[in-house]
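Have a look at the structure below, then the notes.
The values are calculated or read from the model by the stated rules, or taken from the named source; none is laboratory data. What you are looking at is a predicted structure, and each value in this text was computed from that prediction instead of being measured. Backbone-built Cβ (ideal geometry, glycine too); neighbour counts: all protein chains shown. Ligands, DNA and RNA are excluded from the accessible area calculation, which covers all protein heavy atoms including side chains. Shrake-Rupley method; radii C 1.70, N 1.55, O 1.52, S 1.80 Å.
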Amino acid sequence: MDENQSDGHFGADIASTYDDEHGGNDCRRVDAAVAVLAELAGGGAALEFAIGTGRIALPLAAQGITVKGIELSRAMIAKLREKSGGDAIDVVVGDMASDRVDGQFSLVFLVFNTINNLTTQDEQVACFANAARHLSDGGRFVVEVAVPPLRRISPGDTALAFDRSDTHWGTDEFDFVSQQFTSHHIWFRAHGPHKKSFPMRYVWPSELDLMARLAGLELESRWEDWAKTPFNGESTSHVSVWRRPTG
């Protein structure tokens, strides 16, 4: 199998620039996320679904928390291994909706809209079930994801431009029946433009809550962001925390 095919949509072409082009070097955002995740882990072990290049896992491990990961893309794992401390992170190459990691965890987390990379409802439901299987009693599953921006799309349209800068253009194209969308990107790099499209499935907060209930989890908290801003009807994203009951 071709290396990029085995890595899904996150092959070497994406991994090589992922941190620069996908917010991995946004220190304030990373620090805010790590602070909340460390608090929720409560000193226990943490498991990151889609650990990627380790932009969250490595600073979380630096807080003294044991961190493990699941990641489909070997190219992303290779970038993680290049970083200081990257060799110390135990990563299973596989699917976050089905593959297992040894041990029980007080925290499982999935950040940066990555739940959308599971393109069917069944896969998203399976992801919640897999998180629950890894959690110890009282453990928490955390998901960071955008609220579907359908209110911003004009009647009759199916696409929404979400970014236009000197270095990147981004447009999402929606199918309102299937909840599928395709995220189209053009990055302007030194050697010329690079185009990439990612198939995704958008999901509503209430739908995620039902997935959590099916997995035996209960909603504990929902914020607009890592600063714990209260979530409301105008929020464009959310950080949600579901807890596995004790006993």
What pairs can you find where one residue is in the range 42-57 and free of Cβ contacts under 8 Å to residues at least 12 places away in the same chain, the other is open to solvent by 20 Å² or more (accessible area, probe 1.4 Å) and of a type in the set (S, T, N, Q), and their Cβ atoms are less than 9 Å apart, with a gap of 6+ or different chains? none
Pick out, from the range 118-183, the strands (runs of 3 or more DSSP E) lying fully within it that include 1 or more residues that are among the aliphatic types (A, V, I, L, M) and closer than 28 Å to K228 by Cβ. 135-146, 159-164
Residue hits (the range 200-247; among the aliphatic types (A, V, I, L, M) and either free of Cβ contacts under 8 Å to residues at least 12 places away in the same chain or assigned to a helix (DSSP H, G or I) (or both)) are L208, L210, M211, A212, L214
Against the definition (open to solvent by 20 Å² or more (accessible area, probe 1.4 Å), touching a Lys or Arg at 6+ places or on another chain (Cβ under 8 Å), at pLDDT 95 or above and among the hydroxyl-bearing types (S, T, Y)), how does T120 come out, yes or no? yes
Select from the range 67-82 the residues that are assigned to a loop (DSSP other than H, G, I, E, B) and open to solvent by 50 Å² or more (accessible area, probe 1.4 Å) and list them in ascending order. L72
Would it be correct to say that E207 is under 18 Å from the mean Cα position of the chain (by Cα) and surrounded by 12 or more Cβ atoms within 10 Å (Cβ to Cβ)? yes
For the range 16-39, give me each residue that is part of a helix (DSSP H, G or I), in contact with a helix residue (DSSP H, G or I) (Cβ under 8 Å, 6 or more places away or on another chain), at pLDDT below 95 and open to solvent by 70 Å² or more (accessible area, probe 1.4 Å). none
How many residues does the range 83-112 hold that are farther than 22 Å from R243 by Cβ and either part of a loop (DSSP other than H, G, I, E, B) or in contact (Cβ under 8 Å) with a residue 24 or more places away in the chain (or both)? 13
The listed residue being within 18 Å of the chain's Cα centre (by Cα) and either more than 27 Å from V36 (Cα to Cα) or acidic (D, E) (or both), out of T171, T236, T182: T182
